[in-house]
Amino acid sequence: MSDRISQAFGHPLARAIALSGEDPLDRISLRDHVAEVEIGAFQSERGHTQRLRFNIVVEVARSDSAAEDDVDRILSYDTLTEAIAAELHAERLNLLETLAERVALRVLHEPLAVRVYVRIEKLDRGPGALGVEIVRSRDDAPLAAEAPAEAPQHPVVVHLSGAAVQAAELSGWLDRYVAERVPVILTVGLPDGPVPQSAARLAQRRIDLLAIEQNAWVLAGRDARCVVVNTRTELDWAMKHGQISVWAPSKIVLDAVEGPGVAVRDGPRLAAWFAGLMDARELVVVDDTAPEATVPVRAVASGDGP
């Protein structure tokens, strides 16, 4: 086997050694770390977990701390397993490439980390292991301290019943929030009327989510200030720029590591989960029953307005 093939199919350590030059850095490594997680872009990968195998090598700046036998002054092996766990629990991902990038950048935020090699393989998608390997250096991971931290947004989440979506007072409610400069996200439930039915639970869940999104577009069509959004990035941007968002739930619900735990057709309870996810200052439920939530909840009638 040639050196190039050996480096390509061997442990990332072989690649690290090959690229180390005449003055190699110290290295720490994690071999054959296996985690079970839901990941994948294909519909067949949703609703099921699969095994991922992680191999990581980190080149670290030299330090005399090892001689002092002080674990607090070195880059710990736990840093690698914790980086994996943190990214696996942050959100459901479609691509191994995205996961590898995020794990690598998290490791590189450690002061002693100089360069990292990350290989991730799916073990259950075929007769062999399917995977990706990346190399990232400190230049690819600017320290968080270089950019000032932005103050977190705490929106008001307003859940509208089917009747409230059609309320004549809608524009007046939005005028009030705009005048008060309150970040607001509107949520809706299923539209009034029949929704297609499926005997398959997961199929019905998708149908219900799509029906909710159709209702979101109905709401957005009533006031030009309402913009339908489906990602956390879009929601954060909208709150910072004073845009009124109408939440289209499919992506966030389906990508959540820990989902709502409620039937998505239960609009108020789904809104309560979403409000907690967004760390909302308040959940306002219009013309519907106030659910239990981790944020303050207020139920109002459409005649009174939120």
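The values are calculated or read from the model by the stated rules, or taken from the named source; none is laboratory data. Small disclaimer: the values here were computed from a predicted structure and weren't measured. Virtual Cβ from ideal backbone geometry, glycine too; neighbours counted across all protein chains shown.
List of remarks:
- From the options GLN243, GLN197, residue that is polar (S, T, N, Q) and more than 30 Å from ALA179 (Cα to Cα): GLN197
- Residues within region 165-184 that are within 21 Å of ASN215 (Cα to Cα), assigned to a helix (DSSP H, G or I), of a type in the set (A, V, I, L, M) and modelled with pLDDT under 90, tallied: 2
- Looking across region 226-239 at every residue that is touching a residue at least 12 places away in the same chain (Cβ under 8 Å) and either in contact with a Pro (Cβ under 7 Å, 6 or more places away or on another chain) or surrounded by fewer than 16 Cβ atoms within 10 Å (Cβ to Cβ) (or both), the one that is farthest from ILE212 (Cα to Cα) is identified as MET239.
- For region 85-107, the criterion of being over 19 Å from the mean Cα position of the chain (by Cα) and either in a helix (DSSP H, G or I) or touching a residue at least 60 places away in the same chain (Cβ under 8 Å) (or both) is satisfied by no residue at all.
- A single entry from GLY267, GLY242 fulfils the requirement of being more than 21 Å from the chain's Cα centre (by Cα), within 22 Å of ASP304 (Cα to Cα) and in contact (Cβ under 8 Å) with a residue 12 or more places away in the chain: GLY267.
- Evaluation of GLU213 against (1) surrounded by 18 or more Cβ atoms within 10 Å (Cβ to Cβ); (2) in contact (Cβ under 8 Å) with a residue 40 or more places away in the chain; (3) not β-branched (Val, Ile, Thr) (one fails), failing number: (2)
- Within region 246-299, the set of residues being basic (Lys, Arg), within 19 Å of LEU209 (Cα to Cα) and either modelled with pLDDT of 95 or more or assigned to a loop (DSSP other than H, G, I, E, B) (or both) comprises ARG265, ARG269.
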